[in-house]
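Asker: Before anything else, here's the structure in question.
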Amino acid sequence: MPNKILVSGRPGVGKTTLVRKVLASGVPLAGGFLTEEIRERGRRVGFRVKDVHTGAEAVLAHVDHKGGPRVGKYGVDVASFERIGVKALREALGRDGCLIIDEIGKMEMCSEAFRAAVLAALDAARPVLGTIPVFQHPFLRALPKRSDVTVVEVTVVNREALPQRLIGLLGRTDGVDS
């Protein structure tokens with residue numbers, strides 16, 4: 001069974017950067033999505049979601065977004081996230097290669113469709129590379145308990161060595177950690 005790897009760590013430690021390095025290595029890619037900060041005048045004002053297969057993107061959350069759920073100071077645009085992020089994940093299930101889910105976080109979990117897509121990705125016979133925050137949420141607590149999921153914590157100390165380790169794990173089919 002292909003490995004399902006969830007990278008955990010504190011905000012800003014480099015989870016998304018780690019995923020980008022794995023993607024740049026040429027690992028076979030089915031698709032999925034990345035999240036990116038939106039900055040204005042040096043200040044974070046929101047987050048963007050980007051389909052790694054098509055390049056399509058949309059605003060996931062923004063300080064100025066009205067309506068919908070709020071996570072901290074950000075208004076979450078669930079419809080835009082589902083149009084890009086959830087769609088990217090669902091479409092990736094139909095292709096061979098690694099599924100990318102960056103991130104399984106508070107904002108993304110405002111979407112029921114997203115939670116269902118995450119479970120479908122983890123149930124698929126494909127490698128998965130996802131990121132999860134350290135905060136506690138019932139949905140997140142259940143993921144590491146799955147027998148097919150390996151959680152790897154990224155820290156300032158280990159983040160430079162992790163890309164090669166993850167590339168190796170994603171290529172393995174025996175589920176054994178090296």
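Asker: Roughly what % antiparallel, to the nearest 5, for the DSSP beta bridges in the chain?
Answerer: Values: 17 of 34 bridges.
For the chain, the DSSP antiparallel bridge percentage is about 50.
Asker: Want the number for R44 to S25: 0.36 nm per residue separation, take away the alpha-carbon distance, what's left?
Answerer: Full extension from R44 to S25 adds 4.0 nm.
Asker: Is the range 106-178 rounded, prolate or oblate when judged by the Cα gyration tensor, a ≥ b ≥ c being the square roots of its eigenvalues, rounded requiring a/c under 1.5 and prolate requiring a/b larger than b/c?
Answerer: In terms of gyration-tensor shape, oblate.
Asker: Can you pull the one-decimal nm distance between simple spin-label points at L119 and A58, each 7 Å off the Cα toward Cβ?
Answerer: So the label points at L119 and A58 sit 2.3 nm apart.
Asker: A further question follows. Could you work out the helix-only [θ] at 222 nm for the chain, with each DSSP H run of four or more residues adding -39,500 (n - 2.57) and the total divided by the number of residues, to the nearest 500 deg cm²/dmol? The partial results should precede the final answer.
Answerer: Working: 6 runs with 47 residues, N = 178.
Theoretical 222 nm ellipticity from helices: -7000 deg cm²/dmol.
Asker: Turning to a different aspect of this structure: Between R141 and Q164, what is the spin-label point distance in nm, taking each point 7 Å from the Cα along the Cα→C-beta axis?
Answerer: Taking the two extended label points, one gets 3.8 nm.
Asker: When Rg and Dmax of the Cα atoms in Å is calculated directly from the model, which label among [x] 33.8, 114; [y] 16.4, 52; [z] 15.3, 47 fits?
Answerer: [z]
Bear in mind these aren't lab numbers, they're just calculated from the coordinates by the rules spelled out. Fair warning: this is a prediction, and the values are worked out from it, not measured in the lab. Counting neighbours? That spans all protein chains shown, and the Cβs are built from the backbone with ideal geometry, glycine included.
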